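The next block holds one structure in the form of structure tokens; read it before the comments.
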Amino acid sequence: MDLAFTEEQEMLWKSARDFLADKCLKTMVREMEKDEKGYSPELWKEMADLGWLGLPFPEKYEGGGMGLLDLVVLLEEMGRACLPGPFLSTVVLGGLPVMEWGSEEQKQDILPKICKGDVILTLAQAESSARYDAVSIQTSATPEGDDYVISGTKLFVPDANIADSIICVARTAQSSNPEKGITLFLIDGKSPGISTTVLSTIAGDKQCEVIFDKVKVPKGSVLGEVGQGWEMVKRILEWAALAKSAEMAGGNQQVLEMTINYAKERIQFGRPIGSFQIIQHYIADMSLDVDSARVTLYKAAWKLNEGLPCANEISVSKGWINDAYRRVATQACQIHGAIGFTKDHDLELYFRRAKAAEVLFGDSDFHREIVAQELGL
Amino acid sequence: MDFRLNEEEQAFQNEVRDFVQELFRDILPPDFAGVDPGPEEEAREDIEKIAAQVWHRLGAKGWIGLGWPKEFGGQESESKSWILNQELIYNGIPGMDIAACQGDLILQFGTEEQKKRFLPPISRGEVKYAIGMSEPDVGSDMFSLQLKAEEKEDHYLFNGQKIWNSGIQRTDWCVVYARTDPNAAKQHNGISVFIIDPKSPGVTLRPITQITGLDAFCEVFYDDVKVPKENLLGEKNRGKDVSMYAFSIERSYGMVILHNARRYFDQLVEYCKETSVNGQPLAKDPLIRNRLAEMAIEIEVGRNMGDRINWMTGQGMLTVIPGCQNKIYGSRVAQKLSNLGMEILGLYGQLDDTSKCTQLGGRFRHMYLSSRAWSLAGGTSEMSRNIIAGPFGLGLPN
């Protein structure tokens with residue numbers, strides 16, 4: 001057993017922490033919540049130059065050739081810093097599927113551009129039922145000559161407002177089994193017939209409604225095989241759940257540290273509130289939620305990275321951290337008192353993000369059902 | 001990063017699993033549902049007999065004190081030690097005596113003579129140990145203990161009382177913490193540790209019946225009990241060092257609780273698959289699926305925390321804090337599981353192992369009662385939280 005970071009991972013998290021502490025100030029984080037695009041193109045370029053955008057992609061596509069465990073290390077720091085922008089959308093929801101199932105042409109076209117920071121990608125999956133299941137996929141893709149015509153409404157599509165390419169999950173055939181007949185399309189985000197509206201979310205991120213109104217796409221834009229899309233979606237959701245868990249683990253750690261610092265500084269009854277035993281016990285319980293979630297995240301990430309079966313571990317990780325991060329964030333609010341309830345303090349940024357992250361890529365009930373299936377129930 | 005056992009550990013785990021199968025074939029009754037680790041359930045005669053046989057077999061295998069130096073029968077392997085414990089505990093096999101942990105103390109603090117005298121009988125699986133710490137007025141505040149040990153010419157003279165001594169009725173030795181200097185400026189400086197024969201003249205045992213119905217622990221009265229000087233463990237008045245060491249090696253107690261809970265959980269899952277209500281298995285009920293899955297997640301998270309502790313131990317890192325986290329966590333998960341089992345079993349949950357119509361051997365009824373101890377024994381959850389908060393530098397409570 002070896003639970004240590006490699007030297008490269010140590011360097012990665014240290015440099016990521018320093019870089020983000022310098023470039024991802026909370027004033028910028030707040031500005032981006034109101035910004036139309038929701039990210040800083042200059043910072044995006046700098047992240048490309050650091051090799052972050054290409055981190056998991058093979059070197060032949062100008063990527064860093066690193067593993068998903070390394071990606072998790074980086075995402076943790078992004079979560080700690082509340083980094084706004086389309087990193088998860090582009091690299092995890094867009095880039096990894098192209099790397100895994102794209103044709104050579106698609107890979108050569110897209111991956112180097114991702115690495116250089118030239119394109120933003122996302123995945124359009126959920127619809128009006130707001131669930132991550134196959135039966136909810138009603139958007140249709142109908143063959144017409146050399147094209148498919150896509151029609152339907154997607155919801156909660158992250159960063160679609162700025163996406164150059166959208167992977168759209170659509171139904172190409174009706175079947176009694178809702179998991180059959182689903183196909184993924186890699187679509188130009190500026191195609192005629194696509195209209196995007198940014199929704200106003202609790203975390204101030206850019207989740208969108210995307211309407212596909214008879215959008216014509218060439219048959220060559222199919223990603224993977226026609227009709228085999230649902231297995232791919234399940235895999236993408238696993239990656240996304242793990243990536244979100246990593247961001248949450250970073251936020252969780254930061255909230256704990258902020259709270260410890262506050263408890264040392266805040267004086268009541270002539271002494272720091274941290275010296276009261278009840279506050280110490282709250283913080284001890286928070287540390288348990290933080291540390292247990294992190295090692296559970298690493299177990300899942302390690303299995304995924306090794307190519308071992310890991311559906312259970314990923315659902316254990318996301319299913320646990322959903323609740324753990326919420327507990328930590330709410331307890332932190334209680335310990336911070338009124339200041340934590342204001343926009344003047346950074347805690348509220350994390351409190352809102354914890355709740356948003358909880359429902360993205362599977363809430364606890366969603367992941368418990370996967371674990372139940374793994375138990376053979 | 002790699003969460004796997006290495007090849008040698010994997011091979012050892014397989015060997016242990018074969019051994020467990022052997023026990024099921026040779027010693028354990030056919031419908032054996034497993035018992036909790038520790039001396040409590042040995043208060044039942046049938047379990048006491050099984051425990052003695054297992055303890056002997058472990059000795060014959062050379063598997064007691066696997067972490068000890070080779071000259072005392074060990075293999076200097078911490079990982080083998082926890083792999084063995086994990087498998088025995090998960091399968092609910094009685095017999096792994098706390099003598100093995102007390103041997104760790106003797107190795108650390110004993111004289112060469114004491115090591116030669118006390119360790120070989122432990123490693124052969126011949127002797128059993130108990131621990132005497134608590135007193136009627138001394139629980140978490142253990143350094144205020146009052147059992148008096150006066151130094152005489154060739155012995156110490158004991159007078160006073162201990163309580164909650166688990167299994168001492170059935171042991172050969174008890175490691176007892178006593179006050180040797182009542183005038184020490186700081187009370188933790190006047191404590192010493194002794195290895196005492198519970199059958200010594202002047203020792204009176206009065207069993208106390210636990211909430212489970214088992215006569216598992218005792219009040220122990222010491223009236224002019226003479227303890228030979230050579231039974232003093234460590235330096236006189238430096239018992240605090242021994243106790244701190246004992247607490248630090250108790251870091252694994254959370255995992256003990258958790259691996260024990262895994263067995264109950266697996267039995268409950270099977271029960272839900274096999275039991276139909278209103279024409280469908282309980283396992284298909286969405287509420288039950290959700291609650292079982294929540295439990296599975298919590299158990300898995302605890303195992304991951306355990307992996308971290310085992311790895312840190314192998315790296316020579318201090319594990320007091322994660323050990324305390326795991327202790328709080330393991331007892332909380334096990335208590336929650338015991339309640340879940342009782343709720344799923346419903347009216348059947350009330351029945352014990354002797355009752356007609358009982359389900360799952362009455363084990364959940366037992367667990368619901370016995371698990372109250374797990375957030376108390378080996379350091380209460382509140383004391384554990386104090387220890388975890390310490391290094392954050394939050395300031396001292398009043």
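The values are calculated or read from the model by the stated rules, or taken from the named source; none is laboratory data. Small disclaimer: the values here were computed from a predicted structure and weren't measured. Counting neighbours? That spans all protein chains shown, and the Cβs are built from the backbone with ideal geometry, glycine included. Heads up: the accessible areas ignore ligands, DNA and RNA and are worked out on the full protein's heavy atoms, side chains in. Shrake-Rupley method; radii C 1.70, N 1.55, O 1.52, S 1.80 Å.
B:Ile50 satisfies every condition listed in (1) more than 21 Å from B:Gly314 (Cα to Cα); (2) open to solvent by 70 Å² or more (accessible area, probe 1.4 Å) except (2). Scoring B:Lys128 on the criteria (1) at pLDDT 95 or above; (2) under 20 Å from B:Met244 (Cβ atoms) leaves a single failure, condition (2). Taken as a whole, the condition of being away from every other protein chain (no Cβ under 11 Å), surrounded by 18 or more Cβ atoms within 10 Å (Cβ to Cβ) and at pLDDT 95 or above applies to B:Ile257. Within the stretch A:24-47, the residues that satisfy the criterion of being among the hydroxyl-bearing types (Ser, Thr, Tyr) and either within 14 Å of chain B (Cβ to nearest Cβ) or open to solvent by less than 60 Å² (accessible area, probe 1.4 Å) (or both) are A:Tyr39, A:Ser40. Taken over the stretch A:5-29, residues that are in a helix (DSSP H, G or I) and closer than 20 Å to A:Gln253 by Cα amount to 17. Checking each residue in the stretch A:257-277 for being within 10 Å of chain B (Cβ to nearest Cβ), open to solvent by 10 Å² or more (accessible area, probe 1.4 Å) and not hydrophobic (A, V, I, L, M, F, W, C) picks out A:Glu257, A:Asn261, A:Lys264, A:Arg271, A:Pro272, A:Gln277.
Residues that are open to solvent by less than 60 Å² (accessible area, probe 1.4 Å), part of a loop (DSSP other than H, G, I, E, B) and closer than 16 Å to B:Ala334 by Cα were ranked within the stretch B:348-378; the one that is nearest to the other protein chains (Cβ to nearest Cβ) is B:Gly378. Look through the stretch B:23-47, keep the residues that are open to solvent by 50 Å² or more (accessible area, probe 1.4 Å) and under 21 Å from the mean Cα position of the chain (by Cα), and return whichever of them is farthest from B:Ile211 (Cα to Cα). My answer is B:Asp46.
Taking the stretch A:1-23, which residues are away from chain B (no Cβ under 14 Å) and in contact (Cβ under 8 Å) with a residue 60 or more places away in the chain? Give the derivation first.
At the first step, the residues of the stretch A:1-23 found to be away from chain B (no Cβ under 14 Å) are A:11, A:14-23.
A:Ala16, A:Arg17, A:Leu20, A:Ala21, listed by residue number.
Sort out which residues of the stretch A:30-58 are hydrophobic (A, V, I, L, M, F, W, C) and not in a helix (DSSP H, G or I), and write them in order of number. I'd like the intermediate steps shown before the answer.
Filtering the stretch A:30-58 for residues hydrophobic (A, V, I, L, M, F, W, C) gives A:32, A:43-44, A:47-48, A:50, A:52-53, A:55, A:57.
Result: A:Leu50, A:Trp52, A:Leu53, A:Leu55, A:Phe57.
Which residue, of A:Glu209, A:Glu225, A:Glu247, is charged (D, E, K, R), in contact with a Phe, Trp or Tyr (Cβ under 9 Å, 6 or more places away or on another chain) and open to solvent by less than 60 Å² (accessible area, probe 1.4 Å)? First the steps, then the outcome.
Values: A:Glu225 fails: open to solvent by less than 60 Å² (accessible area, probe 1.4 Å); A:Glu247 fails: in contact with a Phe, Trp or Tyr (Cβ under 9 Å, 6 or more places away or on another chain).
Just one listed residue meets the conditions, A:Glu209.
Listed by first and then second residue, the pairs with beta-carbon distance under 9 Å, at least 6 apart or on different chains, first residue in the stretch A:278-289 and within 7 Å of chain B (Cβ to nearest Cβ), second among the aromatic types (Phe, Trp, Tyr), are A:Gln280/B:Phe392; A:Ile283/B:Phe392; A:Ala284/B:Phe392; A:Ser287/B:Phe392; A:Leu288/B:Tyr329. Every condition in (1) within 30 Å of A:Val91 (Cβ to Cβ); (2) touching an Asp or Glu at 6+ places or on another chain (Cβ under 9 Å); (3) open to solvent by 30 Å² or more (accessible area, probe 1.4 Å) is met by A:Cys333 except one, and the failing one is (1).
Give the residues of the stretch B:168-200 that are of a type outside the set (A, V, I, L, M, F, W, C), in a loop (DSSP other than H, G, I, E, B) and farther than 28 Å from B:Gly95 by Cα, sorted by residue number. Spell out how you get there, then give the answer.
Residues of the stretch B:168-200 that are of a type outside the set (A, V, I, L, M, F, W, C), as a first pass: B:169-172, B:177, B:179-183, B:186-190, B:192, B:197-200.
Going one step further and asking which of them are in a loop (DSSP other than H, G, I, E, B), we end up with B:171-172, B:180-183, B:186, B:197-200.
Those that are of a type outside the set (A, V, I, L, M, F, W, C), in a loop (DSSP other than H, G, I, E, B) and farther than 28 Å from B:Gly95 by Cα: B:Thr180, B:Asp181, B:Pro182, B:Asn183, B:Lys186.
Please specify each residue of the stretch B:203-246 satisfying the condition of being surrounded by 17 or more Cβ atoms within 10 Å (Cβ to Cβ) and outside any strand (DSSP E or B). Across the stretch B:203-246, the qualifying residues are B:Gln210, B:Thr212, B:Leu214, B:Ala216, B:Asn231, B:Gly234, B:Gly239, B:Lys240, B:Val242, B:Ser243, B:Ala246.
Residues that are open to solvent by 20 Å² or more (accessible area, probe 1.4 Å), touching a residue at least 40 places away in the same chain (Cβ under 8 Å), outside any helix (DSSP H, G or I) and under 23 Å from B:Val175 (Cα atoms) within the stretch B:63-103 comprise B:Gly73, B:Met96, B:Ile98, listed in sequence order.
Test A:Gly220 against the stated conditions and say whether it is open to solvent by 50 Å² or more (accessible area, probe 1.4 Å) and either in a helix (DSSP H, G or I) or of a type in the set (Gly, Ala, Ser) (or both). Reasoning before the result, please.
On the way: open to solvent by 50 Å² or more (accessible area, probe 1.4 Å): yes; either in a helix (DSSP H, G or I) or of a type in the set (Gly, Ala, Ser) (or both): yes.
Taking the combined requirement at face value, the residue satisfies it.
Assess whether A:Met248 counts as being in a helix (DSSP H, G or I) and either in the same structural domain as A:Lys26 (by TED's automatic domain parsing) or within 19 Å of the chain's Cα centre (by Cα) (or both). So A:Met248 passes the test. Being outside any loop (DSSP other than H, G, I, E, B), at pLDDT 95 or above and not basic (Lys, Arg) is the requirement here; does A:Ile114 meet it? Yes; evaluated as a whole, the condition is true for this residue. Only a single criterion out of (1) assigned to a helix (DSSP H, G or I); (2) farther than 15 Å from A:Asn252 by Cβ is not satisfied by A:Val295, namely (2).
What is the residue count in the stretch A:68-111 for residues that are outside any helix (DSSP H, G or I) and of a type in the set (Gly, Ala, Ser)? Let's see the steps before the verdict.
In the first step, residues of the stretch A:68-111 are kept if they are outside any helix (DSSP H, G or I); the result is A:82-86, A:102-103.
Of the ones still in play, those that are also of a type in the set (Gly, Ala, Ser) are A:85, A:102-103.
Adding up the residues that qualify gives 3.
The set of residues in the stretch A:65-82 that are open to solvent by 30 Å² or more (accessible area, probe 1.4 Å) and either under 17 Å from the mean Cα position of the chain (by Cα) or in contact (Cβ under 8 Å) with a residue 40 or more places away in the chain (or both) comprises A:Met66, A:Leu68, A:Arg80.
Residues in the stretch B:272-324 that are more than 8 Å from every other protein chain (Cβ to nearest Cβ) and either on the phi > 0 side of the Ramachandran plot or among the acidic types (Asp, Glu) (or both): B:Glu274, B:Asn278, B:Gly279, B:Asp285, B:Gly316.
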